[in-house]
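What follows is calculated from the coordinates using simple rules that are stated; it is not laboratory data. Keep in mind that this is a model prediction, so the values were computed, not measured. When we count neighbours, we look across all protein chains shown, and the Cβ atoms used for this are built from the backbone with ideal geometry, even at glycine.
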Amino acid sequence: MDKERIKVVLDTNIFVNPDSRIILGETPQQALNNFLELLSKKNNIKCFMPPSIYEELTKFIDTQAISKIILINRKPPSKYEINIPSLLFYEFVEEMRNRINKGLRVGEKYVHKALLSDKEEELIKSLREEYRLALREGIIDSKEDVDLLILAKELSAYLATSDNGLIFWADKLGISCISTQELKTIIE
């Protein structure tokens with residue numbers, strides 16, 4: 001990488017996702033502490049986090065116990081200034097329609113199973129999991145996800161995430177994503 005500071009927008013999941021934590025620390029608190037310790041020793045990277053993501057992160061860690069949290073710049077995205085191609089909006093609506101239809105088929109399948117079964121609790125648990133996968137996996141499904149995409153686009157920054165939905169839609173917007181391992185390598 002060149003001597004220019006690399007800009008990275010951080011997603012919460014690089015500190016809380018169990019697969020990502022293997023790289024930085026065993027708990028979200030340790031992962032963040034270890035990340036900030038590495039970051040404090042380098043000046044080749046500038047990290048950003050939308051306030052909505054910072055709030056999400058505070059549900060997993062004690063920010064009072066972290067003196068170096070200031071190394072992560074909290075910056076709201078310029079929601080009214082960033083242009084998003086209308087084709088992306090069309091693709092998102094089409095994707096959501098397909099997922100809703102898929103969710104409906106999942107529901108119908110479980111109604112048929114329920115009529116032939118006496119294992120109600122087991123069926124409800126399976127229905128919830130399959131329905132969640134049909135509707136939410138691989139899609140942006142929160143305003144926090146949108147904040148990450150807009151901020152990364154605005155800053156022409158990398159997006160550090162392990163969220164497949166964010167990675168998919170970031171690719172459509174021309175945003176480069178990096179994994180926790182790649183982030184750690186860049187910092188080191």
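Percent relative contact order of the chain, based on C-alpha pairs within less than 8 angstrom and at least six residues apart?
On the way: 245 pairs, mean separation 56.0, N = 188.
30 percent.
What ³J(HN,Hα) values, in whole Hz, does the Karplus curve 6.51 cos²θ - 1.76 cosθ + 1.60 give for segment 116-131 when θ = phi - 60°, with x put for Gly and Pro?
My calculation for segment 116-131 gives 9, 10, 10, 9, 4, 4, 4, 5, 4, 4, 5, 4, 4, 5, 5, 5 Hz in order.
Report the calculated FRET efficiency for LYS41 and ILE167 (r = Cβ-Cβ distance, R0 = 30 Å), to the nearest 0.05.
Plugging the Cβ-Cβ distance into 1/(1 + (r/R0)^6) gives 0.60.
If amide hydrogens are placed 1.01 Å from N in the peptide plane, which non-local residues have theirs closer than 5 Å to the one on VAL9?
Here the answer is PHE48, TYR158, LEU159, ALA160, since their amide H atoms fall under 5 Å of that of VAL9.
Which order do the peptides 134-140, 106-112 take when ranked by the mean count of other beta-carbon atoms within 10 Å per residue, highest first?
In decreasing order of mean packing, 134-140, 106-112 become 134-140, 106-112.
Which whole-number percent is the relative contact order of segment 125-188 (Cα, under 8 Å, 6+ apart)?
30
Angle, helix 143-155 long axis vs. longest principal axis of the chain, Cα atoms, 0 to 90°, nearest 10?
Tilt of helix 143-155: around 40 degrees.
Which ³J(HN,Hα) values, rounded to whole Hz and listed in residue order, are derived for segment 14-19 from phi using the Karplus coefficients 6.51, -1.76 and 1.60 in 6.51 cos²θ - 1.76 cosθ + 1.60 with θ = phi - 60°, glycine and proline given as x?
6, 9, 10, 5, x, 5
Can you compute 3J(HN,Hα) from phi for each residue in segment 49-59, using the Karplus curve 6.51 cos²θ - 1.76 cosθ + 1.60 with θ = phi - 60°, rounded to whole Hz and x for Gly and Pro?
Couplings: 8, x, x, 5, 6, 4, 4, 4, 5, 5, 6 Hz.
Output the peptides 169-181, 86-98, 149-161, 20-32 sorted from most to least packed, where packing is the average of other Cβ atoms within 10 Å over each peptide's residues.
On the way: 169-181: 17.0, 86-98: 11.4, 149-161: 21.7, 20-32: 18.8.
So the peptides 169-181, 86-98, 149-161, 20-32, ranked by packing, come out 149-161, 20-32, 169-181, 86-98.
Which entries in the list LYS68/LYS143; LYS42/LYS143; LYS68/LYS172; LYS102/LYS125; LYS42/LYS79; LYS41/LYS143 go over 23 Å, if you measure between the two C-alpha atoms of each?
On the way: LYS68/LYS143 27 Å; LYS42/LYS143 31 Å; LYS68/LYS172 34 Å; LYS102/LYS125 18 Å; LYS42/LYS79 30 Å; LYS41/LYS143 33 Å.
In this structure, LYS68/LYS143; LYS42/LYS143; LYS68/LYS172; LYS42/LYS79; LYS41/LYS143 lie more than 23 Å apart at Cα.
Search the structure for amide H atoms under 5 Å from the amide H of ILE45, placed 1.01 Å from N in the peptide plane, and list their residues when 5 or more places away or on another chain.
For ILE45, the qualifying residues are ILE6.
Kindly provide the helix-only [θ] at 222 nm of the chain, computed as the sum of -39,500 (n - 2.57) over DSSP H runs of four or more divided by all residues, to the nearest 500 deg cm²/dmol? Show your work: numbers first, answer last.
Details: 9 runs with 110 residues, N = 188.
Taking each H run of at least 4 residues, the total per residue is -18500 deg cm²/dmol.
Which trypsin sites (Lys or Arg not before Pro) in segment 38-69 pass both tests, a DSSP loop state and at most 13 other beta-carbon atoms within 10 Å?
Details: sites: LYS41, LYS42, LYS46, LYS59, LYS68; in loops: LYS41, LYS42, LYS59.
Passing sites in segment 38-69 are LYS41, LYS42, LYS59.
How far apart, in nm, are two points set 7 Å out from the Cα along the Cα-to-Cβ line at SER179 and at SER67?
It works out to 3.4 nm between the two label points.
How far apart, in nanometres, would the label points at ARG97 and ILE22 be if each is projected 7 angstrom from Cα along the Cα-to-Cβ direction?
4.0
Please report, to one decimal in angstroms, the Kirkwood hydrodynamic radius of segment 75-174 built from all distinct Cα-Cα pairs.
Details: mean 1/r = 0.0642 Å⁻¹.
Mean inverse Cα-Cα distance, inverted, gives 15.6 Å.
Out of ILE139, LEU24, GLY103, whose Cα points farthest toward the positive end of the dipole of the chain (charges: +1 Lys, Arg; -1 Asp, Glu; placed on Cβ)?
The listed residue farthest towards the positive side: LEU24.
When averaged across all projection directions, what area in nm² does the alpha-carbon convex hull of the chain cover?
Answer in nm², one decimal: 12.6.
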